[in-house]
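> Below you'll find the structure I mean.
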Amino acid sequence: MLAAFLWVVVAYTQDSKEAIKQFNSYSQLVLDKEFDKALDYVHEGIFEIAPREQMKAILEQTLNNPMMEVEMTLPEVKGISEIKSIENTHYFKFFEQKPG
């Protein structure tokens, strides 16, 4: 899921329960196609790589493309990895519950 990738790259909160809550809120906004609100959860540093409007356009083009069928559900977060701090930004990975 593109949205999950973006979040993993830029996740920055230290409290794991709060991080999971924010990730779920972000994921729901993506599912609801409320991309502007979803991008509010993305760390501002990512916009140095790709401007916000470009990120929004990518999400819109990908998830609103009538030529593609995209099915998404809210991920079930099983836990998070150890937090890594790099230049005053905190990163970690989400572990998702695999279907089946």
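FYI, it's all coordinate maths here, none of it is from the lab. Owing to the predicted nature of the structure, the values given are computational and were not obtained by experimental measurement. So basically every Cβ, Gly included, is an ideal-geometry build from the backbone, and we count neighbours across all protein chains shown.
> Given R₀ = 22 Å, what would the calculated FRET efficiency be for GLN28 paired with SER85, taking r from the Cβ atoms and rounding to 0.05?
With a Förster radius of 22 Å, E is 0.20.
> Once you keep just the Cα pairs under 8 angstrom separated by 6 or more residues, what percentage relative contact order results for region 2-96?
After rounding, I find 34 percent.
> Between GLU60 and HIS43, what length in nm is gained on full extension when 0.36 nm per residue of separation is reduced by their alpha carbon distance?
Answer, rounded to one decimal: 4.2 nm.
> Here's another thing I want to ask about it. So if the hydrodynamic radius of region 2-96 is defined as the Kirkwood radius over C-alpha pairs, what does Stokes-Einstein give as its diffusion coefficient at 37 °C and 0.692 mPa s, in µm² per second?
D, rounded to a whole number, is 236 µm²/s.
> Amide H of PHE95 versus every other amide H placed in the peptide plane: which residues, excluding those fewer than 5 positions away on the same chain, fall under 5 Å?
Distant-sequence amide H within range of PHE95: LYS78, GLY79, ILE80, SER81.
> Going down the list LYS56/LYS84; LYS17/LYS93; LYS56/LYS93, which pairs span over 21 Å between their C-alpha atoms?
Listed pairs above 21 Å: LYS56/LYS84; LYS56/LYS93.
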